[in-house]
């Protein structure tokens, strides 16, 4: 790949597939939360169970997936799991049309699509280093993050429009079509991958899973950022559960206004993705990530300070989401490129899925706890707890040598 053009045609296809399916995913994430609250008359606890169902597959077999993907060609897995998610999502409007849609049925569908997403995510992130030179990884992640940020801006706003116009179940159909587009686009990528591994046994898989865990937490040098990210997911899981009932029930904003709130986070993420490479060159990888956690803390505090008037409440949550999105748009490309540059190709999928599995396990455990806390303790105190978690991550990283880390540009 030495001397390859940047961006290459293969990467642009990868990027377009990710951007389009990401847009649909943000529409669905918004639509499903609205569906639970508005159509199924759920509470924060039910939203918590919905989020837990999304992450359960990572806890159940995420580590196994990493070991399996490391021995297979990754592009066909991405295409196949995109098609699977496209088909599964169609079940939601079908069940709704048949008047059979319930929370248990919805949770089953979400768990199945989440299972396909585990495989897709393991293949996708470990495929990128095969597609690009090492020096292009950080700008590639920044470009992917930019597309994701744009999707997170347009997705909730579009979701709000679709939910108001068609209802939440039908809004999910858009996501099904975006996964189909992604599968067709990825199938056009031409890349040479190592031959598929044969002779896989259960004993060998167990040994390789253990090897991946040891690599991440003992010998790779990734332990500090890995633990910090696990703690960050505690706060993020709380926000993910509490935000919808906070905006729709406590602040009494409409579904359309909730969509605009989500779009504000996307706008912040777009800005973050645009400036992240230059900020990283100036501050370094470690300090950039730490600064992002400080911004996340400030964003949550801003949302907690929302007043009772519609204008005041909307202004507070919009500014909070803007800061929250800005931090996420700036941090991810540095974390991902740092991780991938330190990881050899035979361990890429295991590294990604080991970290994702523990991250999602944290989210899965915290999601229902956050819902119970919000229902029993109050939404605002629960959001303050999330802010405290993010502040802890920032202070913890700043106290370690990680603050001096720099990824080569």
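Read-outs throughout are calculated quantities, based only on the coordinates presented, and are distinct from any laboratory measurement. In this text the structure is predicted, and so the values were computed from the model without any measurement. Backbone-built Cβ (ideal geometry, glycine too); neighbour counts: all protein chains shown.
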Gain on full stretching of the segment that runs from residue 134 to residue 105 - 0.36 nm per residue minus C-alpha separation: 6.1 nm
How many angstrom separate the Cα center of the stretch 384-409 from the Cα center of the stretch 141-184? 31 Å
Under the classification rounded if a/c is under 1.5, otherwise prolate if a/b is larger than b/c and oblate if not, where does the stretch 1-128 fall, given a ≥ b ≥ c as square roots of the Cα gyration tensor eigenvalues? prolate
Arranged from highest to lowest average of other beta-carbon atoms within 10 Å per residue, in what order do the peptides 229-240, 305-316 appear? 229-240, 305-316
Can you tell me which of 346-356, 88-98 comes out highest on packing, and rank the rest after it, using the mean Cβ neighbours within 10 Å? 346-356, 88-98
For the stretch 102-147: Kirkwood Rh in Å [reciprocal of mean 1/r, alpha carbons]: 12.6 Å
Roughly what percent of Cα-Cα pairs across the stretch 9-404 reach past 36 Å? 19 percent
The chain - mean residue ellipticity at 222 nm from DSSP helices (-39,500 (n - 2.57) per run, n ≥ 4, rounded to 500): -27500 deg cm²/dmol
Starting at 0 and stepping by 5 Å, how many percent of the alpha carbon pairs of the stretch 109-216 end up in each bin? 2, 8, 10, 18, 19, 15, 12, 8, 5, 3, 0
Note to self: C-alpha centroids of the stretch 305-377 and the stretch 41-103 sit apart, in Å, by 19 Å
State, as an integer percentage, the relative contact order of the chain based on alpha-carbon contacts under 8 Å between residues 6 or more apart. 30 percent
Can you order the peptides 371-380, 334-343 by their average number of other Cβ atoms within 10 Å per residue, highest first? 334-343, 371-380
Arranged by the count of other C-beta atoms within 10 angstrom, fewest first, what order do 328, 303 take? 328, 303
With viscosity set to 1.002 mPa s at 20 °C, what whole-number translational diffusion coefficient in µm²/s follows for the stretch 244-369 from Stokes-Einstein and a Kirkwood radius over Cα pairs? 133 µm²/s
Listed residues 150, 291, 183, most fluctuating in the chain (Gaussian network, C-alpha, under 10 Å): 291
Using alpha carbons only: equivalent-ellipsoid semi-axes of the stretch 6-74, gyration tensor based, whole Å: 31, 21, 6
Expressed as a whole percent, how much of the Cα-Cα distance distribution for the stretch 296-336 exceeds 15 Å? 42 percent
